[in-house]
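The structure appears below as structure tokens.
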Amino acid sequence: MEALDRVVKPKTKRAKRFLEKREPKLTENTKNAMLIKGGNASSAVTDVLKDIYALKKPFAVLYKKKNITRPFEDETSLEFFSKKSDCSLFLFGSHNKKRPNNLIIGRMYDYHVLDMVELGIEKFVPLKDIKSSKCPEGTKPMLIFAGDAFDISEEHRRLKSLLIDFFRGPVVPSIRLAGLEHVLHFTAVDEKIFMRSYKVLLKKSGCKIPRIELEDMGPSLNLVMRRTHLASDDLYKLSLKQPKALKPKKKKNISHDVFGTKYGRIHMQKQDLDKLQTRKMKGLKKRPAEKKNEDGDNKKKLKLG
């Protein structure tokens, strides 16, 4: 039995709180990511890991030491680091002659590798090379995906889901307009993925709604897809399963549209609209001349009868 698989009884209150944080919960904690450098890593790979760590802080752990491992051949070391640092997302960087400037992005389910996608760096512009103001630490980004490949190809669909998982950040109950500062844009063209990072600038527009401009903030990455390791459909569905306590109970006669507007259906008995009491308005009152004409018409009808 491995040391991390043993049932550990806490001896102090601090250890007890630590173990309680790792226990299964109905509402999960914000997913943390670990950024790991392989045995051989080029300066470009090292800079990419540092810049992604700067975007992910404080929900990330950066391993500065080199770790000789090959995720596609042996996943045990990644699973060990995942348990140790309580991270369900990872980004592994390496460099060799066969696969230069290599990145492997993936996620875990129950401390076992679920999905992995290998990406090659073709072009990289680091944060420090773009001289502009940066977003504060912990800013939740807005994610934009462009390209038909994200909807057609199964590998691109999984990659899109993986990128959303990786960069989404904490779940927030409400949104403030001034807090929407960071945009991450992903474009899929053929087998290439273009990642761009922008800062949102709110300019004066002469009305309540500000004029929005995007300023390149960095990092900028041109990536090409290489190998993939995707979970089976059954395992993928199992990882998406939610506990019954979190599922909202269905209420009768209540529905919602695409925009979240709430509609209710009311069942009533049939009403006689002729007897319905409505508000009387002066503008609808009959004039004396109209009343006389109606009375005259009624008398003629009686005589004829």
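The values are calculated or read from the model by the stated rules, or taken from the named source; none is laboratory data. Everything quoted here is computed from the prediction, not taken from an experiment. Backbone-built Cβ (ideal geometry, glycine too); neighbour counts: all protein chains shown. The accessibility values were calculated without ligands, DNA or RNA, using every heavy atom of the protein model including side chains. Shrake-Rupley method; radii C 1.70, N 1.55, O 1.52, S 1.80 Å.
Identify all residues within region 87-116 that are of a type in the set (F, W, Y), open to solvent by less than 10 Å² (accessible area, probe 1.4 Å) and over 19 Å from the mean Cα position of the chain (by Cα); write none if there are none.
Here is the first cut: in region 87-116, the residues of a type in the set (F, W, Y) are 90, 92, 109, 111.
Keeping just the survivors that are open to solvent by less than 10 Å² (accessible area, probe 1.4 Å) gives 90, 92.
Within region 87-116, just F92 meets the criteria.
Of all the strands (runs of 3 or more DSSP E) wholly in region 215-305, which have at least 3 residues that are at pLDDT 85 or above?
Details: elements: 220-229, 254-256, 262-264.
Answer list for region 215-305: 220-229, 262-264.
So, in region 227-277, exactly how many residues are surrounded by 10 or more Cβ atoms within 10 Å (Cβ to Cβ), out of contact with any Gly (no Cβ under 9 Å at 6 or more places or on another chain) and of a type in the set (G, A, S)?
Residues of region 227-277 that are surrounded by 10 or more Cβ atoms within 10 Å (Cβ to Cβ), as a first pass: 227-231, 235-239, 243, 254-255.
After this cut, where a residue has to be out of contact with any Gly (no Cβ under 9 Å at 6 or more places or on another chain) as well, the list is 227-228, 230-231, 235-239, 243.
Those left that are additionally of a type in the set (G, A, S): 231, 239.
Residues that pass the stated criteria total 2.
Taking the condition of being out of contact with any Leu (no Cβ under 8 Å at 6 or more places or on another chain), over 18 Å from L91 (Cα atoms) and surrounded by fewer than 17 Cβ atoms within 10 Å (Cβ to Cβ), how many residues in region 141-172 meet it?
9
Out of the residues in region 74-99 meeting the condition of being in contact with a Ser or Thr (Cβ under 8 Å, 6 or more places away or on another chain) and in a loop (DSSP other than H, G, I, E, B), tell me which one is farthest from M34 (Cα to Cα).
Ranking the candidates gives H95 first.
Return a yes/no flag: does region 73-84 have any residue that is open to solvent by less than 80 Å² (accessible area, probe 1.4 Å), in contact with a Leu (Cβ under 9 Å, 6 or more places away or on another chain) and free of Cβ contacts under 8 Å to residues at least 12 places away in the same chain.
no
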